[in-house]
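The values are calculated or read from the model by the stated rules, or taken from the named source; none is laboratory data. Only a predicted model underlies this, so the values are computations on that prediction, with no experimental measurement involved. Cβ sites come from the backbone with ideal geometry, for glycine too, and all protein chains shown count toward neighbours.
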Amino acid sequence: MDDTFAISNQKTTIPKEYIWPQKDLDLADEELKEPVVDLQGFFNGDLEGTQHAAKLLRASCLKHGFFQVINHGVDQNLIDMAHLQAKAFFKLPMSEKQKGKQQLGSKWGFSAAHAHRFSAKLPWKEMFTFFFHQNGSNDLAAVDFFESFFGEGFEEIGLVFQKYSEAVNKLSLSIMEILGISLGIDRSYFKDFFEDGNAIVRANYYPTCPEPGLTLGIGPHSDPTSITVLHQDEVGGLQVFVDNKWKSIRPRRDAFVINLGDTFMVWSIF
């Protein structure tokens, strides 16, 4: 199937490639009671606040690996700007977005429903993905991505996502430090290891669907990375499989959702 198909077009039915088996379409009927961790004490150097945050992280990671963080140090205006820029991007004509089409075997660029990889059970979404590595003050990975993949006219979104990626990268290193404390090891162990690490930055867009009861925005999966730092918009939709049932995570404008990925789970076993 050609991924030039614009799922955002107004239609009364969805193509068969997007229809999922009924057994995969069970909806969450309750919310996950994940902890909301206040990081203000950690950033202020307060020992008691830091230990409390580490305790909440430990309990969450032993149970399901999901928690939310507030007072996280990422400016709310920057978060809002990233959402606005992403929404503006996804409203562009498909011909513009396809200039940066993700190529087979590559993780980077624009993709509609992963149609370049799969032919059935396609997710009802569009996305762009880029590689982020903070080498230094002169490295503009996000700006370079948008200009090289989509051409001129994308400097503003590149600059916004550059600042956003830098801020979230800083937050992720702080979380790694608290995870080290929660495991009773040197607090700098994980932070130092990941300080020169790489990140995958992705924005997902889920257009209005004419038959939402037949498809999913994204199917069941686990993240292969170490941790995921996610900011949900007001619509929500994230669900977690816990205690043999799907549970939703309520979106909070002031919070990031954090979940452990497969890599960190395996690493922390030993």
Hey, does the range 54-74 have a residue that's out of contact with any strand residue (DSSP E or B) (no Cβ under 7 Å at 6 or more places or on another chain), surrounded by fewer than 18 Cβ atoms within 10 Å (Cβ to Cβ), closer than 28 Å to Phe146 by Cβ and of a type outside the set (Val, Ile, Thr)?
yes
Do you know which of the residues in the range 233-262 that are in a strand (DSSP E or B) and touching a His at 6+ places or on another chain (Cβ under 7 Å) is nearest to Gly180 (Cα to Cα)?
Phe256
Give me the pairs, please: first residue somewhere in the range 210-225 and under 16 Å from Ala120 (Cα atoms), second residue anywhere and modelled with pLDDT of 90 or more and of a type in the set (D, E, K, R), beta-carbon distance under 8 Å, and either six or more positions apart or on two chains.
Gly217/Lys125; Ile218/Lys125
I want to confirm something. Restricting to the range 195-216 and keeping residues that are buried (at least 17 other Cβ atoms within 10 Å of the Cβ) and among the small types (Gly, Ala, Ser), which single residue is nearest to the chain's Cα centre (by Cα)?
Ala203
State which residue pairs qualify: first residue more than 12 Å from Glu156 (Cβ to Cβ) and inside the range 84-96, second residue among the acidic types (Asp, Glu) in any location, beta carbons under 7 Å apart, and separation of 6 or more residues or different chains.
Phe90/Glu126
Scope the range 119-167; condition under 16 Å from the mean Cα position of the chain (by Cα) and more than 28 Å from Gly237 (Cβ to Cβ); matching residues
none
Test result for Ile227, within 14 Å of Ala82 (Cβ to Cβ), among the aliphatic types (A, V, I, L, M) and out of contact with any Cys (no Cβ under 9 Å at 6 or more places or on another chain)
no
Considering only residues of the range 141-157 that are surrounded by fewer than 22 Cβ atoms within 10 Å (Cβ to Cβ) and closer than 24 Å to Phe256 by Cα, which is modelled with the highest pLDDT?
Glu156
Does Gly237 count as among the small types (Gly, Ala, Ser) and modelled with pLDDT under 90?
yes
Does the range 183-194 contain any residue that is acidic (Asp, Glu), surrounded by fewer than 17 Cβ atoms within 10 Å (Cβ to Cβ), touching an Asp or Glu at 6+ places or on another chain (Cβ under 9 Å) and at negative phi?
yes
Going by what's in this entry, would Phe264 be described as among the hydrophobic types (A, V, I, L, M, F, W, C), surrounded by fewer than 17 Cβ atoms within 10 Å (Cβ to Cβ) and at negative phi?
no
What number of residues in the range 14-35 are surrounded by 14 or more Cβ atoms within 10 Å (Cβ to Cβ) and within 22 Å of Ile175 (Cβ to Cβ)?
3
Against the definition (within 20 Å of Lys87 (Cα to Cα), modelled with pLDDT of 95 or more and surrounded by 18 or more Cβ atoms within 10 Å (Cβ to Cβ)), how does Tyr164 come out, yes or no?
yes
Among the residues of the range 241-270, write down those that are under 30 Å from Asp186 (Cβ atoms) and among the hydrophobic types (A, V, I, L, M, F, W, C).
Ala255, Phe256, Val257, Ile258, Leu260, Phe264, Met265, Val266, Trp267, Ile269, Phe270
Looking at (1) touching a Leu at 6+ places or on another chain (Cβ under 7 Å); (2) without any contact (Cβ under 8 Å) to a residue 40 or more places away in the chain; (3) within 17 Å of Phe66 (Cα to Cα), which is the only condition Gly180 fails?
(1)
